[in-house]
Amino acid sequence: MKYILILICFITSVSNAMAQGMEEMWGNNIDQTNDAKTQWFKDAKFGMFIHWGLYSKLAGEWNGKRYYGSGEWIMNQAKIPVREYRKVASSFNPTKFNAAEWAQLAEDAGMKYMVITAKHHEGFSMFNSKVTDYDIMDATPYRKDPMKDLASETRKRGVKFGFYYSQFQDWYEPNGGKNSWDYKESEKDYKKYYQEKAVPQLKELMSNYGPLGIVWFDTPGGMTKEETKNFVDDLRKYQPDCLFSSRVGHGLGDYRDFGDSEMPAKPINGAWESIYTHNDSWGYIKYDLDFKSPEEIIKLLAEAASKGGNLMLNIGPDGDGNIPPYSIKFLKEVGAWLKVNGESIYGTTSGLIPQQPWGFSTSKPHKQYLHILNYPHNGEVFVPRFPAKVSKITVLNGGEVLNSRRDNKGIYIQLPEKYRKNVNTVIELDYQKESTYGKLPLTVSAQFNENKLEAADADFTGNAKLRSFTYSHYYGDWKHTTCITGLKDTTDGFAFDIYIDQPGDYQLTLEYSCSAENAMQEGQIDFNNEKFYFRTLTTGAFDNHKPMLFIKQRVITTFIKNKGQYKVWVKPLQNGKELFNLKALYVNPVK
Ligand code: JFZ
């Protein structure tokens with residue numbers, strides 16, 4: 001049961017701005033007893049996030065200078081004074097905005113919900129608000145409420161609609177959170193801001209746009225737990241069924257949100273969502289063309305579903321109201337895959353079969369869906385020790401019945417050659433009696449170029465443990481990765497239990513990051529009845545405002561005489577310094 005029961009310690013990086021001690025305030029320890037309320041969300045699996053505001057018109061540029069990173073943070077990054085920034089509104093005129101097209105794209109992409117920024121940290125309201133003149137109705141030549149149409153166009157198509165609302169950060173208001181370039185933080189009265197802007201605006205949003213699926217709060221602050229509780233209770237009266245994201249703070253949300261671009265390492269119980277953006281920025285940046293391919297999106301979606309959660313993927317329309325062409329194109333391709341394979345995503349729960357070299361699994365009662373993201377060289381999909389008698393094995397697309405055989409190691413399914421090039425062929429396994437797995441070794445197969453053993457799947461000795469690192473490439477484009485740390489002593493170590501499916505030559509590669517100060521130390525690997533040695537190399541010190549660099553260092557070539565179960569055990573050979581931050585260990589067949 002290790003696979004399901006293991007509790008991962010998600011320790012946020014110490015130097016991260018929104019880090020340790022903030023966990024409780026960020027509210028990830030939420031009570032999830034109201035299952036009926038979150039059921040639609042758990043079933044939905046795929047949502048559309050939209051960041052759209054005045055920053056979309058600036059498109060990552062201010063006074064001829066480009067600001068890389070998260071485009072919606074440009075006011076903060078360039079420290080643009082309110083009196084300058086507000087001028088952007090006077091020419092904000094998104095005449096190309098077409099609510100029906102946006103809603104249709106969500107539907108075509110197979111997305112079951114949409115969350116759009118009603119007000120981001122910049123403080124500008126993208127909806128008709130009586131609370132302020134700094135809104136799209138009063139401050140722009142557009143003079144229409146885009147949210148009205150979007151609410152009705154999504155509803156028409158059965159796509160749940162919701163608002164992102166930055167409840168604390170408001171860089172426009174003298175009493176709002178976090179504008180320290182115009183206003184003195186010490187002179188702010190957050191209560192006044194909450195009473196006069198955030199609360200009345202949230203009431204407008206929850207009164208004027210019909211039933212909402214979600215209010216997506218973000219970056220909490222300025223309220224105690226008790227104040228947050230009152231704030232939440234007050235708002236809940238307006239729409240008791242509407243879900244609040246965990247970033248309302250203090251554990252008072254309805255479901256859990258992971259950090260930006262963060263996928264949990266293991267299946268998680270309860271309702272949760274991973275959020276990713278299509279390129280690197282949430283808000284539109286005209287020179288950010290680093291779009292994730294349809295294949296990558298399908299993979300993220302299958303991975304989230306296999307761990308029991310949702311993927312909400314963000315797009316950033318420009319200031320005229322156009323969605324970037326690559327977002328349209330790629331999302332439609334994901335939608336085409338979902339048209340055929342949606343059954344293996346929507347309404348599923350986490351997979352019974354742990355991650356394999358071929359990919360992930362998802363579950364429905366009496367069914368497993370195998371997401372074949374990597375096609376085995378010999379076309380044989382191996383399912384280790386499946387704990388049930390299987391009645392039927394078919395390809396989801398077309399229903400072709402597949403040949404298979406079974407021995408005491410597991411099931412071997414023959415997937416015909418014509419599926420080799422598919423991004424994700426889904427195989428359906430039907431069985432009668434539900435059962436669970438015991439602890440399974442990780443599969444290492446000669447049928448794949450790469451067998452990645454991830455940090456989260458290791459067993460530990462001494463003080464070795466998992467640590468989640470948060471870092472960024474540009475500004476605010478947070479990335480997350482889980483590594484093994486705490487390898488300071490010869491008694492600290494980690495091990496992987498593996499099952500090697502074929503005799504032959506194999507090579508071991510360590511993927512890690514290591515500071516100059518710690519580098520050059522030695523480590524030892526116990527494997528295949530031999531001791532192997534390596535010395536670490538420098539990649540750089542960890543800094544959350546820089547890319548975290550990893551090296552893949554190949555350390556071993558060894559001959560495996562018999563297929564079967566093995567242990568790979570790694571430990572430092574000296575005391576005192578950290579050996580490295582290990583992300584993964586690869587056991588790859590030599591070709
Ligand atoms: C926030 C916003 O500041 C950002 O502009 C964007 O809207 C994003 C979706 O959310 O930023 C965060 C919030 C939480 C984390 C990182 C960035 N986090 O928990 O790692």
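Looking only at residues in region 286-309 that are acidic (Asp, Glu) and either modelled with pLDDT under 95 or in a loop (DSSP other than H, G, I, E, B) (or both), the one that is nearest to SER90 (Cα to Cα) is ASP288.
Note on region 158-173: residues that are assigned to a loop (DSSP other than H, G, I, E, B), more than 13 Å from the ligand (Cβ to nearest atom) and among the hydrophobic types (A, V, I, L, M, F, W, C) total 1. Residues that are more than 27 Å from ILE323 (Cα to Cα) and buried (at least 20 other Cβ atoms within 10 Å of the Cβ) within region 268-286 comprise just one, ALA271.
Annotation: of all residues in region 486-495 being surrounded by 21 or more Cβ atoms within 10 Å (Cβ to Cβ) and in a strand (DSSP E or B), the one that is farthest from the chain's Cα centre (by Cα) is GLY493. Considering region 93-119, the residues that are more than 21 Å from the chain's Cα centre (by Cα) and within 16 Å of the ligand (Cβ to nearest atom) include one that is surrounded by the most Cβ atoms within 10 Å (Cβ to Cβ), namely LYS119.
One residue stands out in region 397-445 among those that are in a loop (DSSP other than H, G, I, E, B) and charged (D, E, K, R): the one that is modelled with the lowest pLDDT, namely GLU434.
Of the residues that make up region 121-143, is at least one part of a loop (DSSP other than H, G, I, E, B), within 16 Å of the ligand (Cβ to nearest atom) and within 22 Å of GLU227 (Cβ to Cβ)? So far as region 121-143 goes, yes, one or more of its residues are part of a loop (DSSP other than H, G, I, E, B), within 16 Å of the ligand (Cβ to nearest atom) and within 22 Å of GLU227 (Cβ to Cβ). Among the residues of region 503-524, those identified as of a type in the set (Asp, Glu) and either crowded, with 17+ Cβ neighbours inside 10 Å or over 34 Å from the mean Cα position of the chain (by Cα) (or both) are ASP505, GLU511, GLU522. Of all residue pairs spaced 6 or more apart or on separate chains, none has beta-carbon atoms under 8 Å together with a first member in region 88-112 that is within 17 Å of HIS278 (Cβ to Cβ) and a second member that is among the aromatic types (Phe, Trp, Tyr) and at pLDDT below 95. Filtered by the rule that a residue be over 11 Å from the mean Cα position of the chain (by Cα), on the phi < 0 side of the Ramachandran plot and part of a loop (DSSP other than H, G, I, E, B), region 243-264 gives LEU252, GLY253, ASP254.
Residue check: is PHE527 over 30 Å from the mean Cα position of the chain (by Cα), within 18 Å of ASP459 (Cβ to Cβ), among the hydrophobic types (A, V, I, L, M, F, W, C) and at pLDDT 95 or above? In short, yes. Among the residues of region 449-466, those that are surrounded by fewer than 19 Cβ atoms within 10 Å (Cβ to Cβ) and part of a loop (DSSP other than H, G, I, E, B) comprise ASN449, GLU450, GLY462, ASN463. Within region 191-216, being crowded, with 18+ Cβ neighbours inside 10 Å and more than 17 Å from MET147 (Cα to Cα) holds for TYR193, TYR194, LYS197, ALA198.
Strands (runs of 3 or more DSSP E) fully within region 310-390 that include at least 2 residues being touching a residue at least 60 places away in the same chain (Cβ under 8 Å), surrounded by fewer than 23 Cβ atoms within 10 Å (Cβ to Cβ) and not charged (D, E, K, R): 380-384. May I ask you to verify whether PHE469 is assigned to a strand (DSSP E or B), surrounded by 15 or more Cβ atoms within 10 Å (Cβ to Cβ), on the phi < 0 side of the Ramachandran plot and without any contact (Cβ under 8 Å) to a residue 40 or more places away in the chain? For PHE469, the condition - assigned to a strand (DSSP E or B), surrounded by 15 or more Cβ atoms within 10 Å (Cβ to Cβ), on the phi < 0 side of the Ramachandran plot and without any contact (Cβ under 8 Å) to a residue 40 or more places away in the chain - is not met. Looking only at region 450-472, filter to residues that are under 17 Å from LYS567 (Cβ atoms) and not charged (D, E, K, R); which one of those is nearest to the ligand (Cβ to nearest atom)? Restricting to residues being under 17 Å from LYS567 (Cβ atoms) and not charged (D, E, K, R), the top hit is ALA455. Selection of first residues in region 276-290 that are in contact (Cβ under 8 Å) with a residue 24 or more places away in the chain and of second residues that are within 13 Å of the ligand (Cβ to nearest atom) and of a type in the set (D, E, K, R), restricted to Cβ pairs under 7 Å at least 6 apart or on distinct chains, gives the following pairs, ordered by first then second residue: ASP280/ASP477; SER281/ASP477; TRP282/GLU72; GLY283/GLU72; ASP288/ASP280. Scanning region 265-285 for residues that are within 13 Å of the ligand (Cβ to nearest atom) and assigned to a loop (DSSP other than H, G, I, E, B) yields HIS278, ASP280, SER281, TRP282, GLY283, TYR284, ILE285.
Does ILE136 meet the test of being surrounded by 23 or more Cβ atoms within 10 Å (Cβ to Cβ) and more than 26 Å from the chain's Cα centre (by Cα)? The answer is yes for ILE136.
Within the option set LEU508, LEU585, LEU549, LEU537, being closer than 20 Å to THR461 by Cα and modelled with pLDDT of 95 or more holds for one residue only, LEU585.
The values are calculated or read from the model by the stated rules, or taken from the named source; none is laboratory data. Note that the coordinates shown come from a computational prediction; the quantities given were computed from them, not determined experimentally. Reconstructed Cβ throughout: ideal geometry from the backbone, glycine too, with neighbour counts over all protein chains shown.
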